[in-house]
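Enquirer: What follows is a structure written as structure tokens; I'll ask about it next.
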Amino acid sequence: MRPCLRLPVLLAATLTGCNHSQPFDTPYYGAPPPPAGTETRLTYNFGNDRGPAWLPGGTGFYYSRQALHRSDRDWCLALMPRGGGGIRREICDVVPAAIDSINGWQSPGPGPDGRLAFLRTSAPAALNPVAPYRTELVTATVADPAAARVLKVLPGLAPSGRGYEAVSQIRWLSPSSIVYLAERVVYRAPCSSCPVDTLRWGLELVKADLGGPVPVFSMLPGSDQASSVAVVGSDTVYYTTNGDSRVYRLVLSTETISVVHDFGATIVRDVQVAGARLVAVVGGSVSFTNDSLVGPLQRDNGGVLYLLNLGSPTAFPLTGPFESFRHPALSPDGSRLVAEMINGGSSDLWAVALP
């Protein structure tokens, strides 16, 4: 039996041990929904807010929240309703024995039947670590997040045989399979007295089949150097690659790859597709180089959000050239858009109006 060392619960719940037959819940904080506007700030956290991902029904979205109000400085998963407002749920590690660790719950991937995939990290707080000591890709249910199934311990080998340290953009193809972006993470300081810079970029797209007792991992065709992924249905994947201006479509059953749109002489990433709409981050503060130590490397500090109506030859910007956005999340019906806005090294979530 797995010991109760990292017990994720919803914050308002009372910890009574390792019996989780009833789902945890938190009261609504009572903040009103945001007013209508072109861009509306949704989060006012003192820490960073990242990686929004919609529930399959579109009633709200999960995101990862840096909980600086906690003494252990953990990252938690928070649920915000469709129209914004207060946090409805927050999933954190609240075990007293873990107060000496920095535990992170990031890159949420909400799935069918109340399931949730995410990245779980842990490191001793006393050592002021730069990198986590343990990283796991896990699946659980929102009703009982403590009963998580570990799919992959990282660092590990990708299906291509290359090493990777993290995952993001977890998408469900079916109740028994997910697709995610395998990522390299490197920590580097330009000088001995300089702060450490975290470099994180995509490596390839991985499909994990969860139907058996042991997950089976495979690399998606054509996804070498992938930088983002979106799933439509159970057979179609949209993706981008490092240093590339094109968005690709992959039909899994036939392994057919086609170009959906070419954004010209600029780099596109963070693709999202819902209905007849495609949203992506284009240009901005992004570069792609062949680093002498780590090889192909894409640095990304955000760009402009663009909208493309599928079948149209023209994409148009949703945000201005002096704003930096990353990781947009398009609601399942294609009517709402949430994204990270990067400002001075920190990130908050904003709602961006769609025409």
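The values are calculated or read from the model by the stated rules, or taken from the named source; none is laboratory data. Note that this is a predicted model, so its numbers are computed, not measured. Reconstructed Cβ throughout: ideal geometry from the backbone, glycine too, with neighbour counts over all protein chains shown. Areas reflect the complete protein model, heavy atoms only, side chains present, ligands, DNA and RNA absent. Shrake-Rupley method; radii C 1.70, N 1.55, O 1.52, S 1.80 Å.
Enquirer: I91 is checked against (1) at negative phi; (2) surrounded by fewer than 18 Cβ atoms within 10 Å (Cβ to Cβ); (3) modelled with pLDDT under 95 and fails just one. What number does that condition carry?
Expert: Going through (1) at negative phi; (2) surrounded by fewer than 18 Cβ atoms within 10 Å (Cβ to Cβ); (3) modelled with pLDDT under 95 one by one, I91 breaks only (2).
Enquirer: Against the conditions (1) without any contact (Cβ under 8 Å) to a residue 12 or more places away in the chain; (2) under 18 Å from G111 (Cβ atoms); (3) open to solvent by 60 Å² or more (accessible area, probe 1.4 Å), where does G212 fall short? Just the number, please.
Expert: (3)
Enquirer: Another question, if that's okay. Give region 43-57 a look and list any residue that's small (G, A, S), modelled with pLDDT of 95 or more and part of a loop (DSSP other than H, G, I, E, B), or say none.
Expert: G57
Enquirer: Would you pick out the residues in region 228-242 that are under 20 Å from V286 (Cα atoms) and open to solvent by 10 Å² or more (accessible area, probe 1.4 Å)?
Expert: The answer is T241, N242.
Enquirer: Something else about it: For the subset of region 54-69 comprising residues that are open to solvent by less than 10 Å² (accessible area, probe 1.4 Å) and either aromatic (F, W, Y) or touching a residue at least 40 places away in the same chain (Cβ under 8 Å) (or both), which member is farthest from V167 (Cα to Cα)?
Expert: By that ranking, first place goes to G58.
Enquirer: Quick check: is even one residue across region 207-223 closer than 19 Å to Q272 by Cβ, in contact with a Lys or Arg (Cβ under 9 Å, 6 or more places away or on another chain) and in a strand (DSSP E or B)?
Expert: no
Enquirer: Further question: Output the number of the condition that S193 fails; it satisfies all remaining conditions of (1) open to solvent by 20 Å² or more (accessible area, probe 1.4 Å); (2) modelled with pLDDT of 95 or more.
Expert: (2)
Results for (1) modelled with pLDDT under 95; (2) in a loop (DSSP other than H, G, I, E, B); (3) buried (at least 18 other Cβ atoms within 10 Å of the Cβ), shown as yes or no for each residue.
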position: C4; (1), (2), (3): yes, yes, no
position: G30; (1), (2), (3): yes, yes, no
position: G37; (1), (2), (3): yes, yes, no
position: A97; (1), (2), (3): yes, no, no
position: I102; (1), (2), (3): yes, no, yes
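Enquirer: Got a sec? Which of S312, S324, S287, S331 is farther than 27 Å from W172 by Cβ, among the polar types (S, T, N, Q) and in contact (Cβ under 8 Å) with a residue 24 or more places away in the chain?
Expert: Exactly one residue qualifies, and that residue is S324.
Enquirer: Would you point out the residue of region 105-132, among those that are assigned to a strand (DSSP E or B) and at pLDDT below 90, that is most open to solvent (accessible area, probe 1.4 Å)?
Expert: Per the stated criteria, the residue is P124.
Enquirer: Considering only residues of region 70-79 that are touching a Ser or Thr at 6+ places or on another chain (Cβ under 9 Å) and either among the charged types (D, E, K, R) or over 16 Å from F118 (Cβ atoms) (or both), which is surrounded by the most Cβ atoms within 10 Å (Cβ to Cβ)?
Expert: D74
Enquirer: At least 2 residues that are open to solvent by less than 60 Å² (accessible area, probe 1.4 Å) and under 26 Å from K207 (Cβ atoms) in each: list the strands (runs of 3 or more DSSP E) lying fully within region 253-340 that qualify.
Expert: Here the list reads 256-262, 268-274, 277-282, 295-300, 324-330.
Enquirer: Any idea how many residues of region 164-190 are over 26 Å from P328 (Cβ atoms) and either open to solvent by less than 30 Å² (accessible area, probe 1.4 Å) or touching a residue at least 24 places away in the same chain (Cβ under 8 Å) (or both)?
Expert: 2
Enquirer: Quick one: count up the residues across region 138-163 that are crowded, with 19+ Cβ neighbours inside 10 Å, not in a strand (DSSP E or B) and not aliphatic (A, V, I, L, M).
Expert: 1
Enquirer: Ok, one more. Residue check: is T135 in a strand (DSSP E or B) and closer than 27 Å to V294 by Cβ?
Expert: yes
Enquirer: (1) farther than 27 Å from R134 by Cβ; (2) more than 21 Å from the chain's Cα centre (by Cα); (3) open to solvent by 50 Å² or more (accessible area, probe 1.4 Å): which one isn't true of S245, the others all being true?
Expert: (3)
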